[in-house]
Amino acid sequence: MPPIIDSVNAFTQFIPPLSIEVKNNSLKGYRFAVKDVFDVKGFRTQAGNPDYFAQIAPSVKTAQAVTILQEAGAILVGKTHTDELGGSLFGLNEHYGPPINSYSPNCVPGGSSSGSAAAVAANLIDFALGADTSGSVRAPASFCGIYGLRPTFDRIPTTGVLPISPHLDTVGVFARHPDIIAQVLDVYGIKEQREFSRLRIIPYLVNSLEETLKQSFQEKLTEFQGLTSSSSPFILDEETLTQWSTVIRTIAMYGLWNVHKDWILKTTPTFGKLISERLKLASSISTEEYKRALLQQKEIQTFMDDGLEPEDVVVFPTVHDIAPLLSSSLSHLKDFALKTSRHTCVAALSGFPEITLPLRNVNIRGCFGMSFLGKAGEDVSLTTFASKAHSILYGKKSL
């Protein structure tokens, strides 16, 4: 295979051909990369921070999620950029620079799985792994105009992946066609599938879009009406989603600080502005606040499980807007992240799978994502549904 020329600043490290015992050839010929929070034997994990990279020892074992893919014949070609410690949404790493968003070069690529999304969007690899705690696969997919799946919680092993929260962390997959994601899921033993018969739209998240995006979203949604036999609203109002966004930020930030606080306090590493502010806020969250948030998460899981039937597919905008400009102010990015969390919290807190379908050519400023969400275990059902939607929008070809 020809060498990869990293034209979009996606990669942190290239991995030379490794001697792997291939157990089957399900993914033979596919090249993939992983966010640099996944351990690869013999390589150090960068985690988006040069001080962390300098102090960490080479990994003694490869992350389980990576090994499974290699044993299926997929070729690991490298590790990709991430926001520092996986703790931001935009891919604006002050140490290494942002990966280039091929679809919208003046916009952020999204994060924290920025390099994985950028590499797939630039057609450098066939698919990539990211890690999604509170939106780190779905937001970059929306911004870069590709598919991104956050699977059912705990379906893909996270052993060997730098953690943020054991209650939220999920290994996700990027690709330019949902059928490739389905092939990856099959290798992980995720095979269950059913036909969705009812489309459930979240009105508040659609109506809160800027008017031109709202119109485009509704037009595309109309094209998908024939994929189910009925549709009805799934009511999550502003008050509910604002509360849920507080819950997810509490759980995620408490986890981020407690995973790294000993190292931070001992070595005083240098951080960029975005993660510095986030860590400062995270350090102020009490154990009592964290425990309350975990109890609220359980209530949310019950609410979602009771509110949806197995034949339901929920649809909503992946985020509230197209990708912010690279030149955006810090205050704008903070406000953007807060609004986005009302979208990304639904799957993250419930543990339900969500796939992002890129809506290209809906806005001259950039790409935009439409999300489909199903109940726990409906991962393959979602990729199949997304594949049908892809055929309506783009025909048989990959993006």
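Nothing in this text is a laboratory measurement; each read-out follows from the coordinates by a stated rule. Small disclaimer: the values here were computed from a predicted structure and weren't measured. Reconstructed Cβ throughout: ideal geometry from the backbone, glycine too, with neighbour counts over all protein chains shown.
You can think of it this way: the chain between I20 and N207 has 62.3 nm of extra reach, that is 0.36 nm per residue less the Cα-Cα gap.
Each of K28 and Q218 was given a label point 7 Å from its Cα along the Cα-to-Cβ line. The distance between the two points is 5.1 nm.
Annotation: extensible slack from K280 through K41 equals 82.8 nm (criterion: 0.36 nm per residue apart, minus Cα-Cα distance).
Using the Karplus relation 6.51 cos²θ - 1.76 cosθ + 1.60 with θ = phi - 60°, the per-residue 3J(HN,Hα) values for region 128-137 come to 8, 9, x, 10, 10, 9, 9, x, 6, 9 Hz, with x marking Gly and Pro. Given a Förster radius of 41 Å and the C-beta distance between D186 and Q13 as r, what FRET efficiency does 1/(1 + (r/R0)^6) yield to the nearest 0.05? That pair, D186 with Q13, gives E of 0.90. Comparing Cα centroids, region 122-150 and region 339-372 end up 11 angstrom apart.
Residues in region 284-316 near a label at E195, defined as backbone nitrogen under 14 Å from the 7 Å Cα→Cβ point? So the set is 311-312. If both residues of a DSSP beta bridge must be in the chain, then about 65% of such bridges are antiparallel. Within the chain, the whole DSSP H helices whose Cα atoms reach 24 Å or more along their own axis and whose mean Kyte-Doolittle score is at least -0.5 are 238-267, 330-350. The lysines within cross-link reach of K261, meaning a Cα-to-Cα straight distance under 28 Å and a gap of 8 or more places when in the same chain, are K35, K41, K61, K79, K273, K280, K291, K298, K334, K339. Ranking of E192, E288, E311 by neighbouring Cβ atoms within 10 Å, starting from the fewest: E288, E192, E311. Once the Cβ-Cβ distance of K291 and S329 is raised to the sixth power relative to R0 = 35 Å, the FRET efficiency obtained is 0.50.
Ranked by the mean number of other Cβ atoms within 10 Å per residue, highest first, peptides 51-60, 319-328 order as 319-328, 51-60.
Full extension of the chain between K397 and F303 gives 30.0 nm of extra length, using 0.36 nm per residue less the Cα-Cα distance.
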